[in-house]
Amino acid sequence: MFERILVPTDGSEPASAALEYAGEIAARSAVTVHVLHVREGDAGGDEATIDDLLEDDRSWAAEADAPVIDEVRTGTPVESILEFAAEQPIDAIVMGTRGRRGVGRLLLGSVTEDVVRDADVPVLVVRAGDDVRRPCPIERVLVPTDGSSHADAALERAISLVEDLEGEAEGSVDCHVLSAIDVAPAEVSEGSDLRVDRLETHTETVVEDAVDRAEAAGVEVTSAVRYGSIYRSIRSYAVENDVDLIVMGTHGRSGLDRLLLGSVTERVLRTAPVPVLTVTAAQD
């Protein structure tokens, strides 16, 4: 799945959720975990408090039986996280979706979203909350798609992930492909207008292409098309099908196929019932 993951942490509840989930992943495979504490100059807290946070992480590491490398850096959170990920052979960044001000105040929602948008590696976002499932091992993966380059990158990552997970577990992993049409179900009727007809045709083609690509790689796929709010469609599908992980692109494109706009991804990150792995297409 991964070989080296980076977990920025500030001791907050979301950061702890991300750390625990990273520990579950690391405990099941040979994964090295880099735990990064960022302090913003004098606002970052004293050494004793930072040491307490490090000690908590070491306790978690002992329970997870995972190789852990921790480090404290001074600077702005987003820049420090991205710089560290660029300097080290990091495969993914694992982050919570919210944080708190105070010691090492680095996991504010805006920081996570900035890292998601700018990171060169996938970012695994873990939302804290009683309504969130963080299952491990991962047995069901959902890939929302709109046919954009970012959605295609997410599909490729999901296919590779499913192959890795099946190799580790020596069992099958269900892969689901979903595309949503942002129109109310009431609009889809016998008298649908040309706009809806074009959206339906495009969406069906996108889903068929995604299924073909996955099956060509030996991954069996369950596909679906939904109507209505895109991020709500993704969330409800994940709940109804007991999905363990959502893999999606961080941007989409406008026009006929505007199904996975960046704002949709951000809404999914804030409301997803399970962790979300975000993937950005390589820039030319």
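In the set Arg270, Arg258, Arg226, which member is modelled with pLDDT under 95 and part of a strand (DSSP E or B)?
Arg226
Please enumerate the residues belonging to region 97-126 that are buried (at least 17 other Cβ atoms within 10 Å of the Cβ), modelled with pLDDT of 90 or more and not β-branched (Val, Ile, Thr).
Passing the criteria: Ala119, Pro122, Leu124.
So the check is Cβ under 8 Å with 6+ separation or different chains; which pairs have a first residue in region 109-132 that's over 19 Å from Tyr21 (Cα atoms) and assigned to a helix (DSSP H, G or I) and a second one that's modelled with pLDDT under 90 and of a type in the set (S, T, N, Q)?
Final answer for the pair search is Arg117/Thr250; Arg117/Thr280.
Given the conditions (1) modelled with pLDDT under 85; (2) open to solvent by less than 20 Å² (accessible area, probe 1.4 Å); (3) of a type in the set (A, V, I, L, M, F, W, C), which single one is not true for Ala62?
In the conditions (1) modelled with pLDDT under 85; (2) open to solvent by less than 20 Å² (accessible area, probe 1.4 Å); (3) of a type in the set (A, V, I, L, M, F, W, C), Ala62 misses (2) alone.
Taking the condition of being over 24 Å from Leu161 (Cα atoms) and β-branched (Val, Ile, Thr), how many residues in region 1-28 meet it?
Number of matching residues: 1.
Exactly one condition in (1) modelled with pLDDT under 90; (2) over 21 Å from Phe2 (Cα atoms); (3) assigned by the TED database to the domain that holds Ala18 is false for Ser149; which is it?
If we test Ser149 against (1) modelled with pLDDT under 90; (2) over 21 Å from Phe2 (Cα atoms); (3) assigned by the TED database to the domain that holds Ala18, just (3) comes out false.
With respect to the numbered conditions (1) under 13 Å from the mean Cα position of the chain (by Cα); (2) at pLDDT below 90, which one is the sole condition not fulfilled by Leu142?
All conditions pass for Leu142, except number (2).
Which of (1) assigned to a helix (DSSP H, G or I); (2) under 24 Å from Val33 (Cα atoms); (3) within 17 Å of the chain's Cα centre (by Cα); (4) modelled with pLDDT of 95 or more is the odd one out, the single condition Ile93 does not satisfy?
(1)
Within the set of pairs 6+ apart or on separate chains, which have a first residue in region 189-205 that is within 19 Å of Ser223 (Cα to Cα), a second that is modelled with pLDDT of 85 or more, and C-beta atoms under 7 Å apart?
Leu199/Ile181; Glu200/Ile181; Thr203/Ser179; Thr203/Ile181; Thr203/Val225; Glu204/Val225
Among the listed residues Val183, Val188, Val196, identify the single one that is modelled with pLDDT under 85, among the hydrophobic types (A, V, I, L, M, F, W, C), open to solvent by less than 40 Å² (accessible area, probe 1.4 Å) and over 26 Å from the mean Cα position of the chain (by Cα).
Being modelled with pLDDT under 85, among the hydrophobic types (A, V, I, L, M, F, W, C), open to solvent by less than 40 Å² (accessible area, probe 1.4 Å) and over 26 Å from the mean Cα position of the chain (by Cα) holds for just one of Val183, Val188, Val196, which is Val196.
Could you please give the count of residues in region 12-28 that are small (Gly, Ala, Ser) and open to solvent by 30 Å² or more (accessible area, probe 1.4 Å)?
Going through region 12-28 one residue at a time, the tally reaches 2.
Just a yes or no: is a residue in region 149-169 within 14 Å of the chain's Cα centre (by Cα) and in a strand (DSSP E or B)?
No, because not a single residue in region 149-169 is within 14 Å of the chain's Cα centre (by Cα) and in a strand (DSSP E or B).
Between a residue in region 143-162 that is closer than 16 Å to Asp212 by Cβ and any residue that is part of a helix (DSSP H, G or I) and among the basic types (Lys, Arg), which pairs come within a Cβ distance under 9 Å, given they are 6 or more apart or on different chains?
Matching pairs, first to second residue: Val143/Arg157; Asp152/Arg213; Leu155/Arg213; Glu156/Arg213; Ile159/Arg213.
State all residues of region 209-227 that are open to solvent by 10 Å² or more (accessible area, probe 1.4 Å) and in contact with a strand residue (DSSP E or B) (Cβ under 8 Å, 6 or more places away or on another chain); if no residue qualifies, say none.
Val211, Glu215, Glu220, Val221, Thr222, Ser223, Ala224, Val225, Arg226, Tyr227
The values are calculated or read from the model by the stated rules, or taken from the named source; none is laboratory data. What you see is a predicted model, and the numbers here were worked out from it, not measured in a lab. Reconstructed Cβ throughout: ideal geometry from the backbone, glycine too, with neighbour counts over all protein chains shown. Protein only, heavy atoms only, side chains kept; ligands, DNA and RNA dropped before computing areas. Shrake-Rupley method; radii C 1.70, N 1.55, O 1.52, S 1.80 Å.
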